[in-house]
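First up is the structure itself, then whatever we jot down about it.
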Amino acid sequence: MPSEMILLLGVNHKKTPLAIREKLALSSGYDEPLQLLGEIEGIKEYYLLSTCNRVEVLVAVEEGADVQLALSRFLFGDALSPEEFQKYLYCYRDSEAVHHLFMVAASLDSMIVGESQILGQLKEAYRYSSDKKCTGPILNRLLHKSFSVAKRVRSETEIGSSAVSISYAAIELAKKIFGSIEKKRVLLIGAGEMAELAAEHLVGNGATDVVVCNRTLEHALDLAKRFNGSAVGLDELHEQLGRVDIIVSSTGAPGVILHKKDVKPIMRDRRNKPLFFIDIAVPRDLDPALNDLDNVYLYDIDDLSNVVELNKAERDKEAIKASRIVDEEALKFKDWLAGLGITPTIADLRKKGNQVVQLELERTLPRLSSLTDKERKSVEKMAHSIVSRLLHDPMIYLKSESCKDQSAIKVDMFRSVFDLEKKK
Amino acid sequence: MLSEVNYLLFNAVLLVNFVACAVYLVFFFSQKEHLRKIARIILLSSGVLQTLYILSRYLIAGYTPITSQHEAVTFFAWSVTWAYLSFHWRYSVKNFGTFVSILAMIMLVIAAFASRTFQPLAPALQSMWLPVHAGVSVMAYGFLALAFCGGLMYLLQERELKSKRFGFFYNRLPSLESLDQLNSHCLTTGFVFLTLGIITGSAWARQAWGTYWHWDPKETWSLITWFLYAAQIHQRLTYGWRGKRAAVMAIVGFCSVLFTLWGVTFLLGGVHSYAQ
């Protein structure tokens, strides 16, 4: 066995209610949390993923190091007591962790199975980690592998073809409220990527006017330009609510930005024409009580997932196919990981040496028909000793102390130099 | 001979309407598109049979058959069926037919239990105004019944959307917008007929009794119903009342219609009471 093990801890939409996830979401970006992670004793490589549906830490630690508690502290901070967070947290080791990561990358663990946003988020998170040199040979390999697994799943199954995402769910709902989205006006609060994606879908389905409302007007203008829309500042939000029909909110604001009491008078002004709010921000931007108002419909991410649940059955079949690919790739990775140990590498190298000798002898000996049995033995012996001599130094190097510290890197390189992968 | 045909016709109406209702229900559960077409054809046949039945009754009695309990309710079912069949909403409002066919079925079953005997027409009712007044009023009831069905569907769908559970009805019911439009259209049409019904009734009263209005219980309740709908239309036009409130009002208004039709007859009496 290698001297490292892989550990994955996290919370996601399946086990943890939105209210808890809100407290965990890292709104400050990756830099600071990554630094904090690095300070935990025993961790060799680490990587962090934070999306609106999940927060996950993936680490490679020294064999025997007990970092689980420290990691859960890192995730939950002071938000919850240890007994409480045990309920929400999942923790996978080694091959289970690999399997889970592949499932996430392939969008099989997503709220909306098959949506493609997650792969981009995964890549971005990886870029942060690798830029900061937080990842090493194991995680580099693991994450790169997860990207290729995701690609394989996408090309070999139909899972992504129904083009499902949060936005898709939002459109289904909008159609049940408005009948059709034609000529409906859209207001985006916050100019993030999620907002952009949602707007793209809505415009694609016939929505006409797009207004972008953002704290920094500059970003709003950039996004508005893409949809031939207009941009306004946050202070004009209430005024805009009188004119639009669909509102997508996705700001990084720490608290609620629109309350029930703000919207109530607006409904009178707009003669009770329905308002459809979609809150894709974590933490939430919109007061949940908005939904109590007549002709106001408010959905957050969890609610939208229930909509997509409806046509889940059709995709389940493809999901089974995709899981099989993930299983297969996880097994392959497990083999690679197992080979990373020094002892198996030495065994593999010996085996390879023997194979080379055997192959060459089989090729040469039949042509040397004049040799006596004794001479033949000597030739065989010589061939074996040449190979052993040649491999002696690399093996000593591998066993040396200098190698133990960074064994994973060196073993990995060693295996590539001697091409020990292919026979797996 | 004709009375036997008449008797058989009503049973045929019951049977055909029942089949239409059943096919609509199967369609509602299974959502197989071809069933909807079949159900509509059967409901159309039921509508034709109802028309024939009313005609045959007219031929036997020699006056517009709308004076007894049985006749009034049959006429009601007929107006609901044709109000539904004759308008284009049936295309845009998903699964509306299921609700309408159930309502028509309930009417027909009530009619089936009422006495079907022919009563000689009371002298006061022997007038040209009878078909005009009663016909217009029953047409109004037909449209108001459609608004009632729409209101019921609106409340069901709204509950699915607000509770965010997206269950059985979410898939099967149309969008809130189309239900609200249905409500608005049916109420407006129904209200026009209702107004005409009251005006013609008033003109008839002037001719028969010498006064336009003499606070007969049915007249009073018609007026209450009229005010309920008038208030609702007024609120929609001025304050933009719509959605849930409009749906609830359509249901309340229809309850008032039903009370005008039955409650008054059985509880309060008066000149409009059907021959017993």
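The values are calculated or read from the model by the stated rules, or taken from the named source; none is laboratory data. Since we're looking at a predicted model, the values are computed, not measured. With ideal geometry, Cβ positions are generated from the backbone for all residues, glycine too; neighbour counts draw on all protein chains shown.
Quick check, is residue B:248 under 30 Å from residue A:276 (Cβ atoms), without any contact (Cβ under 8 Å) to a residue 40 or more places away in the chain and touching a helix residue (DSSP H, G or I) at 6+ places or on another chain (Cβ under 9 Å)?
Values: under 30 Å from residue A:276 (Cβ atoms): yes; without any contact (Cβ under 8 Å) to a residue 40 or more places away in the chain: no; touching a helix residue (DSSP H, G or I) at 6+ places or on another chain (Cβ under 9 Å): yes.
Taking the combined requirement at face value, the residue does not satisfy it.
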Which of (1) under 19 Å from residue B:98 (Cβ atoms); (2) surrounded by fewer than 21 Cβ atoms within 10 Å (Cβ to Cβ) does residue B:182 not meet, given it meets every other one? (2)
Any chance residue A:370 is of a type in the set (Ser, Thr, Tyr) and assigned to a loop (DSSP other than H, G, I, E, B): yes
Residue that is nearest to residue A:257 (Cα to Cα), among those in region A:200-236 that are over 31 Å from the mean Cα position of the chain (by Cα) and among the charged types (D, E, K, R): A:235
Output yes when any residue across region B:153-165 is touching a residue at least 60 places away in the same chain (Cβ under 8 Å) and either more than 14 Å from chain A (Cβ to nearest Cβ) or out of contact with any helix residue (DSSP H, G or I) (no Cβ under 7 Å at 6 or more places or on another chain) (or both), and no when none is. no
I'm trying to understand the selection: among the residues of region B:142-176, which are buried (at least 19 other Cβ atoms within 10 Å of the Cβ), of a type outside the set (Ser, Thr, Tyr) and not in a helix (DSSP H, G or I)? B:166, B:173, B:174
Taking region B:55-69 and keeping only residues that are crowded, with 21+ Cβ neighbours inside 10 Å and modelled with pLDDT of 85 or more, one is left with B:57
So residue B:245 fits all but one of (1) within 30 Å of residue A:303 (Cα to Cα); (2) surrounded by 18 or more Cβ atoms within 10 Å (Cβ to Cβ); (3) of a type in the set (D, E, K, R); what number is the exception? (2)
Return the pairs, sorted by first residue and then second, in which the second residue is acidic (Asp, Glu), the first residue lies in region B:226-244 and is within 13 Å of chain A (Cβ to nearest Cβ), the beta carbons are less than 7 Å apart, and the residues are 6+ apart or on different chains. B:242/B:180; B:243/A:294; B:243/B:180; B:244/A:294; B:244/B:158
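Take residue B:75 and tell me if it is touching a residue at least 12 places away in the same chain (Cβ under 8 Å), in a helix (DSSP H, G or I) and within 11 Å of the chain's Cα centre (by Cα).
yes
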Do we have any residue at all in region B:7-23 that's outside the structural domain of residue B:134 (by TED's automatic domain parsing), touching a residue at least 40 places away in the same chain (Cβ under 8 Å), aliphatic (A, V, I, L, M) and within 21 Å of residue B:151 (Cβ to Cβ)? no
Picking from A:271, A:226, the residue that is surrounded by fewer than 16 Cβ atoms within 10 Å (Cβ to Cβ), within 14 Å of chain B (Cβ to nearest Cβ) and out of contact with any Pro (no Cβ under 8 Å at 6 or more places or on another chain) would be A:271
Going through A:304, A:290, A:286 one at a time, which residue ends up being more than 8 Å from chain B (Cβ to nearest Cβ) and over 28 Å from the mean Cα position of the chain (by Cα)? A:290
